[in-house]
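Computed from the coordinates by the stated procedures, all read-outs in this text should not be read as laboratory data. Quick caveat, the model's predicted, so the values are computed rather than measured. Cβ sites come from the backbone with ideal geometry, for glycine too, and all protein chains shown count toward neighbours.
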Amino acid sequence: MRIGFALTGSFCTFSNTVPFIIGLKELGYDIVPIMSDNVYNIDTRFGSALSWRSRIEDITGREILHTLPQVEPIGPDKLLDVLVIAPCTGNTIAKLANGITDTPVVMACKSQWRNQRPVVIGISTNDGLGINLKNIAVLLASKDTFFIPFGQDKPFEKPKSLVADWSLLPSTIEAASMNQQLQPLLLTY
Ligand SMILES: Cc1cc2nc3c(=O)[nH]c(=O)nc-3n(C[C@H](O)[C@H](O)[C@H](O)COP(=O)(O)O)c2cc1C
């Protein structure tokens, strides 16, 4: 199975999700790495863009797809069995729910949906129970779209924050590849 693994700008979460790319490789999956423009280019206190790029390319053995022309063939050539977006920002969720396709990640998603193939979303956003809740609802009701089970990570400090349980990433992919949503979807941490 060939999996597209896309990272969007929840920079603090890379250390949680990147180890799963290693795990998926060890399970024998072929991983195609994809990055949003922001992830590909921005240095943060969680690491330089270059260091994350090198790490991902070392792990996957592939060049990162980071432009619209690079991801465009995902549709016509049916390149991916499953597309995973982990972490998925509030920004990318809002774009996906509203048909906006101006980053490599949302464009890859549009291509995957075009082929009626599964997309797995691992949310990590401080506005999940706020302004973005309506967009999450749109995606929950969308065909070929599955969520890594999620919950409130810090309900008292960040009352509107939602984050996926990353340990469920592999089993969510497995279920999504059979067109199933892993349950329970809503978690209590
Ligand atoms: C250090 C840092 C951490 C961030 N963490 C998050 C986050 O956890 N979740 C989120 O939705 N946005 C987060 N953001 C904001 C996004 O990076 C921003 O909305 C960006 O436009 C996302 O673009 P993308 O979705 O195309 O990657 C963070 C930004 C910075 C600089």
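Quick one: in region 114-137, which of the residues that are buried (at least 17 other Cβ atoms within 10 Å of the Cβ) and of a type in the set (A, V, I, L, M, F, W, C) is farthest from the chain's Cα centre (by Cα)? Here the answer is 136. Check residue 171 against each of (1) of a type in the set (Ser, Thr, Tyr); (2) outside any loop (DSSP other than H, G, I, E, B); (3) over 14 Å from residue 92 (Cα atoms); (4) in contact (Cβ under 8 Å) with a residue 12 or more places away in the chain and name the one condition it does not meet. With (1) of a type in the set (Ser, Thr, Tyr); (2) outside any loop (DSSP other than H, G, I, E, B); (3) over 14 Å from residue 92 (Cα atoms); (4) in contact (Cβ under 8 Å) with a residue 12 or more places away in the chain applied to residue 171, the lone miss is (4). Being acidic (Asp, Glu) and within 23 Å of residue 12 (Cα to Cα) is the requirement here; does residue 165 meet it? Yes; evaluated as a whole, the condition is true for this residue.
Answer with yes or no whether residue 159 is more than 13 Å from the ligand (Cβ to nearest atom) and in a loop (DSSP other than H, G, I, E, B). Yes: the conditions hold for residue 159.
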